[in-house]
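These notes concern the structure reproduced below.
Bear in mind these aren't lab numbers, they're just calculated from the coordinates by the rules spelled out. Just so it is clear, the model here is predicted, and its values are computed rather than measured. Don't worry about glycine lacking a Cβ; one is built from the backbone with ideal geometry, like all the others, and counts go over all protein chains shown.
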Amino acid sequence: MRLRAHGLVGRAGDRTLFDGLDLEVGEGETVVVRGPSGCGKTLLLRALAGLDPLAGGRVTLGDRTPEQLGMPSWRAEVTWVSQDVPGLPGTPRDFLGVVGRLAARRARTVDDPVAIASSWGLAMTAWDQPWSRLSGGERQRVHLAVAVAGRPAVLLLDEPTSALDPEATRAVEATLADRACVWVTHDADQAWRVAAHTVELG
Amino acid sequence: MTGPVPIGPGQLALGASLLIAHGLLSLGLQLGLERKLLIAGVRTVVQLLLMGWLLVPVFASGSAALVLGVCTVMIVLAARESVGRVSRRYRGIQVAATVALFVAGGSTALLASGVILAVDPWWSPQYLIPMLGMILGNALTGISLGLDRALAELDEGRGRVEALLALGATRWEASRPVAAEALRTGLVPILNAMSAVGLVTIPGMMTGQILGGTEPSLAARYQILILFLIAFATALGTGLSVLFALLAVFDDQHRLRGERISTRGS
């Protein structure tokens, strides 16, 4: 299913960050979003996920809008992974339990996030540690693995490898190579490696 | 059993002289509390005499409208007090707290006077007004603690809530941990009070009834009833307040609208 965005308008307060932005993501395709800090990259991802309201424009997945699909189902298909990876109560394994019981995800076939994260060098034992004891890089891989394992139609990734070493970064890129992504990165080399198309903001 | 010994101006003055000892202590140790002590002492006298003086005609009137009017004023004041203790705001928080206290406090007090005690008439001020007062005084603490906790978590813990929203959680699924924690926080004081009661202190209402000449075992049964009423009203009031806060801070597209929470004074 293609994600199509047409004529998007993004505002923060009374500042217009983008106006008339078009974007299209085909199956298995990665679109890299680049631009200076504060240019609206994060707002764009959050708006595509329906977490922030858009000031204008229209987003569809296949031929359906978020309203037609219902916002929770939309987000299960168009899944955002935050740049700031929050610690949560309990352990990542507890989080998996909560996520697995969400109404919008119950009927989905999911892959095993533990196996996915393990291919990125995350120790199996990390899933049973309290979040407070995990490093930034470990948290980042947990959140990313949970999102990837849900097989969303499109992943919205905000600096997904910012806390990872080069080896883990390459492993993540390999996993995501055949997924549809909108990918924000400051790293020009990474952009060159993963991008099918590039959108410049600001 | 006899009624209480009457207290006249002379006895009150004797009681007030205890504050002078308090003031001398403050002067001697240079605590700087004399002014505060004076103001607090005067407020105690004025507020309580005024309340007693106002309640006399209400009790004597035999007018349901007047009694229920006093109850409404009590609820509105309690709601103001509860919101005043919360460090964050959302639009409509005052109305929401009033509705929560109206439903929780009002229904509990009416249940007690009309059904459990079945006093005649059901609005009998001797029962309704003091019970409502005790219920409101405790429920407003639960509401302010619970609301404060919920709004703080939605504000500072936005990332945690959105981590769930982003994976397809509804606003209710995503805010469940927040609501649970807020309710727990709001109910701690009454649960503590219920566990500790009677071990160390004789609670205020029971003290009052015993001084008023009620047999201690009957006073104890009244105290048990009022604690259960308070616990129910606190749970209901806190639950409603947290629900109203969630409805105000999330929109119908399951978005957490952080800009709808303001910190006090901003």
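Structural remarks
- Segment A:Q129-A:M1, extension gain: residue separation times 0.36 nm, minus the distance between their alpha carbons: 42.4 nm
- For the pair B:R257 and A:S118, a Förster radius of 30 Å applied to the C-beta separation gives a FRET efficiency near 0.20, rounded to the nearest 0.05.
- Footprinting exposure proxy for A:H143, A:H197 (fewest neighbouring C-beta atoms within 10 Å first): A:H197, A:H143
- Note on A:V25, B:V76, B:V83: ascending count of other Cβ atoms within 10 Å places them as B:V76, B:V83, A:V25, the fewest first.
- Three-way shape call for segment B:10-61 based on the alpha-carbon gyration tensor, with the a/c threshold at 1.5: oblate
- Placing a label point 7 Å from the Cα of A:A103 along the Cα-to-Cβ direction, the residues of segment A:56-87 whose backbone N falls under 17 Å from that point are A:67-77.
- Taking max minus min of the alpha-carbon positions on each principal axis, chain A gives extents of 47, 38, 32 Å, largest first.
- Stokes-Einstein D (µm²/s) once Rh is taken as the Kirkwood radius of segment A:29-94 over alpha-carbon pairs, at 25 °C in 0.890 mPa s: 177 µm²/s
- Residue-averaged beta-carbon neighbours from other chains (10 angstrom radius) around B:68-76: 0
- For the protein assembly as shown, the Stokes-Einstein estimate of translational diffusion at 37 °C and a viscosity of 0.692 mPa s comes to 124 µm²/s, using the Kirkwood hydrodynamic radius over alpha-carbon pairs.
- Note on segment B:78-263: semi-axes of the ellipsoid equivalent to its C-alpha gyration tensor, largest first and rounded to whole Å, are 36, 16, 13.
- C-alpha center-to-center spacing [segment A:161-199, segment A:73-136] in angstrom: 20 Å
- Environment charge of A:V33, counting only residues whose C-beta is closer than 14 Å and scoring Lys/Arg +1, Asp/Glu -1: -4
- The helix-based estimate of mean residue ellipticity at 222 nm for chain A, built from -39,500 (n - 2.57) per DSSP H run of four or more residues and divided by its residue count, is -9000 deg cm²/dmol to the nearest 500.
- Note on B:L66 and A:S37: their simple-model spin labels are 6.9 nm apart, each label 7 Å out from Cα toward Cβ.
- Net lengthening on full extension, B:A118/B:A193 (0.36 nm per residue, minus Cα-Cα): 24.3 nm
- The Rg/Rh ratio for segment B:65-114 is 1.04, where Rg is the radius of gyration of the alpha carbons and Rh is the Kirkwood radius.
- Relative contact order (percent, whole number), chain A, Cα cutoff 8 Å, 6+ residue spacing: 32 percent
- Amide H within-cut-off set for A:L156, under 5 Å, with H built and near neighbours excluded: A:T79, A:W80, A:V81, A:V182
- Normalised by the number of residues in segment B:78-263, the mean separation of alpha-carbon contacts (under 8 Å, six or more apart) gives a relative contact order of 35 percent.
- Extension gain for B:R35 to B:L77 (0.36 nm times residue separation, less C-alpha to C-alpha distance): 12.5 nm.
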